Every structure is written in C-alpha cells, then in structure tokens.
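A.B. asks: This structure is in structure tokens; I'll ask about it shortly.
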Amino acid sequence: MLSHDFSLDAKSIHKLSSKGLCLQTLKEQIGDDLDFNLELWRAQGLDIIKERGSFYFSTKFMPISEATFCIVDIETNGSKIDKHQIIELGAVKVRQGKIIARYESLVKCNEINKHITEITGIKVEDTKDAPRLKQVLYEFKEFLSDDIFVAHDVKFDYRFISLSLQKIGLAPLLNRSLCTLDLSERTIQSYRYALSYLNEAFNLNPDATHHRAMSDVLTTTALFNKSINNLDKSIKNVEDLIRFSKNARRLKRPKFNPLLKVDL
C-alpha cells in the first residue's frame, strides 16, 4: 500500500516489485533529484535499491526468513479521521516466527462514546495519564522503521495511522504492507476469516481479549506464523509473499460452520 503522495504511477510501482524500473522512467516521473527522493521515501519507510542496472523495492530481494514484519493493531474512538483518533496502539516486530520487540500504548483522549467503550473496554479515564497522540505516533514511527507493515484487514490500520501522521505534520507511511486476512484466505481453510473466529477455530491466542490492541496483535502474529508455515516453498521473498496474498486463489470454504454446535 502506497500513499497518494508517492509520485510514481501504478505501472511503475508494479515494476519496482517485479522486473525492475529503469533509471529513465524513474526520472521522468520524479525529476532529476533522484537521491533526494530515495532518501525521502526511505524516511517514510520505503527502501528502493539499484540492482543489476534497474531499481527495485528492497523487499524484492529480501528472503522471508530475513525480513522483519511489524504486526500492528489500533483501537480508535470512531472510523472518521477528521473526527476521531487512535486511542490505543499495539505492535510487535516478528522475524523468523519470533517476536523480537514490542510497542504498546494507550493514547490520551477526551471523548470515547459508550459504544466504543462497550467494544474495547477503554474509557476516557483510562487514558488520562497516557501520552498524547503526537508522542505515540513519533514513537511508533521510530519503532516501525522500514519494516513490512502487517495487520488483519490492513487497509484500515495503515490508512488511519498514515493520515494521523499527516495530521500532526509528519509524512505519510510508504512501508510495504501485508494483510493477514488476505493471506489467511489463501493458506488456511476456514468457514470465516474474522480474527475472533480464526482465534476460536485455531486457538491462536488462548488469552485473547478481542478489540484490545496488543491482544489482537498477538492473535494476528499467531495467525501470520501459521500462514507462513503453510506457504508453498516457491514463495521465497517478501514481494513474492505480498503478491501471493493478493493474487493467489482463495481456498474453498467449508459449507457448514464447524464451530456451530448442533443438538442431536
């Protein structure tokens, strides 16, 4: 997922992830100040490298076993970025299936409606001593670095965080991203793919508290690792994995819910 501020067209972005983009095409779209733009994008979480005379996302040559995946979840007090904000953020870094670092924080908030509190259990008073959004976003951006951004239904979390960064005067995210909902549909046969259902079906996180950021992160991490373990051996690098998660055929779902108890 790339921000609207990323100045390359869709065809060029595809080439960066696959067969490479030539210098001429790159300069035609971003001008002659190539080094400046590459550094700017790197600061936004996107590393583009030159290899064999062409330009690529660095993830094109990054084995899955050597990549760091940052698995993220946020809770918000609503879905509209102009009215609402992040109230909790959790993330872990995963490499070779193991958690190597964690970040989590509540966010100071002046308003959380009853419906959100019922879903998350988070009240305004729970956040009174929490850091403000700006501090949390600065800390998270540093934590994320240029790792691959992973979430269950990644579009919401990625977009909301990226737009929140822009609201406080920072550049939007450009990190490569991966959706565990998409990936699990292609690696794990299930009746449904909501995170709570998958957790119940496969006992991913026995201590889960659904709709709390770190708990959902840990559930997503277990799901991610399960999906990676089910991958075909031909999928070796990060861009292969991203492409597979978007384009591979989804597994056929069971006709009946195996978790549904039927009285005989």
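What follows draws every value from the coordinates through simple rules; no lab data is involved. No experiment lies behind these values; they were computed from the predicted model shown. Because the Cβ atoms are built from the backbone with ideal geometry, glycine has one as well, and the counts that use them run over all protein chains shown.
A.B. asks: Less than 12 Å Cβ to Cβ from THR221, Lys/Arg counted +1 and Asp/Glu -1: what total charge do the surrounding residues give? Before the final figure, lay out the partial values.
C.D. replies: Working: positive: LYS93, ARG95, LYS98, ARG102, LYS226; negative: ASP73, ASP216.
Cβ neighbours under 12 Å give a net charge of +3.
A.B. asks: Could you let me know the centre-to-centre spacing of the range 38-89 and the range 179-208, using Cα atoms, in angstrom?
C.D. replies: 23
A.B. asks: Moving to a separate point now. Go from 0 up to the bin containing the longest alpha carbon distance in the range 39-164, width 5 Å each, and give me the % of pairs per bin.
C.D. replies: With 5 Å bins starting at 0, P(r) equals 2, 10, 18, 20, 18, 12, 9, 6, 3, 1, 1, 0.
A.B. asks: What is the ratio of the Cα radius of gyration of the chain to 2.2 N^0.38 Å, where N is its residue count, to two decimals? Please list the in-between numbers first.
C.D. replies: On the way: Rg = 19.5 Å, N = 264, 2.2 N^0.38 = 18.3 Å.
Normalised Rg, Cα atoms only: 1.07.
A.B. asks: Here's another thing I want to ask about it. Lysines within cross-link reach of LYS19: Cα-Cα under 25 Å, excluding same-chain residues under 8 positions apart?
C.D. replies: Correct list for LYS19: LYS11, LYS27, LYS50, LYS60, LYS233, LYS236, LYS246.
A.B. asks: List the residues whose amide H sits under 5 Å from the amide H of ALA101, counting only those 5 or more places along or on another chain, with H placed 1.01 Å from N in the peptide plane.
C.D. replies: Amide H to amide H, under 5 Å and 5 or more residues apart or across chains, ALA101 pairs with LYS93.
A.B. asks: Placing unit charges on C-beta atoms (Lys and Arg positive, Asp and Glu negative, everything else neutral), compute the dipole magnitude of the chain about its Cα centre in debye, rounded to 20. Mind dumping the intermediate values first?
C.D. replies: On the way: 39 positive and 35 negative charges, 194 e Å.
For this selection, approximately 940 debye.
A.B. asks: A further question on this structure: Just tell me which lysines come within less than 24 Å, Cα to Cα, of LYS123; anything on the same chain fewer than 8 places away is out.
C.D. replies: Qualifying lysines at Cα under 24 Å: LYS80, LYS83, LYS108, LYS114, LYS134, LYS167.
A.B. asks: So what is the relative contact order for the chain, in percent, with contacts set as C-alpha pairs under 8 Å and at least six apart?
C.D. replies: Numbers: 414 pairs, mean separation 55.5, N = 264.
RCO, the chain: 21 percent.
A.B. asks: Quick one: if the Förster radius is 35 Å, what FRET efficiency do ASP32 and ASP129 give, using the C-beta to C-beta distance and rounding to 0.05? Write out the running numbers ahead of the final one.
C.D. replies: Numbers: r = 50 Å, r/R0 = 1.43.
According to the calculation, E is roughly 0.10.
A.B. asks: What ³J(HN,Hα) values, in whole Hz, does the Karplus curve 6.51 cos²θ - 1.76 cosθ + 1.60 give for the range 29-44 when θ = phi - 60°, with x put for Gly and Pro?
C.D. replies: For the range 29-44, the Karplus curve yields 9, 10, x, 7, 7, 5, 4, 4, 5, 5, 5, 4, 5, 5, 5, 8 Hz.
A.B. asks: Excluding residues fewer than 8 places away in the same chain, name every one of the aspartates and glutamates whose C-alpha is closer than 16 Å to that of LYS261.
C.D. replies: GLU200
A.B. asks: So for the range 94-201, considering every pair of alpha-carbon atoms, how many percent are separated by more than 24 Å?
C.D. replies: Working: 2220 of 5778 pairs.
That fraction is 38 percent.
A.B. asks: Okay, moving on. Just to confirm a number: summing +1 for Lys and Arg and -1 for Asp and Glu over residues other than GLU139 whose beta-carbon lies under 15 angstrom from that of GLU139, what do you get? Present the calculation step by step, with values, prior to reporting the outcome.
C.D. replies: Numbers: positive: LYS93, ARG102, LYS108, ARG132, LYS134, LYS141; negative: GLU88, GLU104, GLU142, ASP147.
Counting the neighbours of GLU139, the net charge comes to +2.
A.B. asks: Working from the pairwise distances between different alpha carbons, so that the mean of 1/r is found and then inverted, what is the range 138-264's Kirkwood radius in Å? Before the final figure, lay out the partial values.
C.D. replies: Numbers: mean 1/r = 0.0623 Å⁻¹.
Its Kirkwood hydrodynamic radius stands at 16.1 Å.
A.B. asks: How long are the three semi-axes of the equivalent ellipsoid for the range 10-61, computed from the Cα gyration tensor as the root of 5 times each eigenvalue, in whole Å, largest first?
C.D. replies: Working: eigenvalues 45, 38, 19 Å².
Each semi-axis is the square root of five times an eigenvalue, giving 15, 14, 10 Å.
A.B. asks: Still on this structure, I have one more. By counting other Cβ atoms within 10 Å of each Cβ, how are HIS152, HIS84 ranked from fewest to most? Could the numbers behind the result be given before it?
C.D. replies: Numbers: HIS152 25, HIS84 18.
Fewest-to-most Cβ neighbours within 10 Å comes out as HIS84, HIS152.
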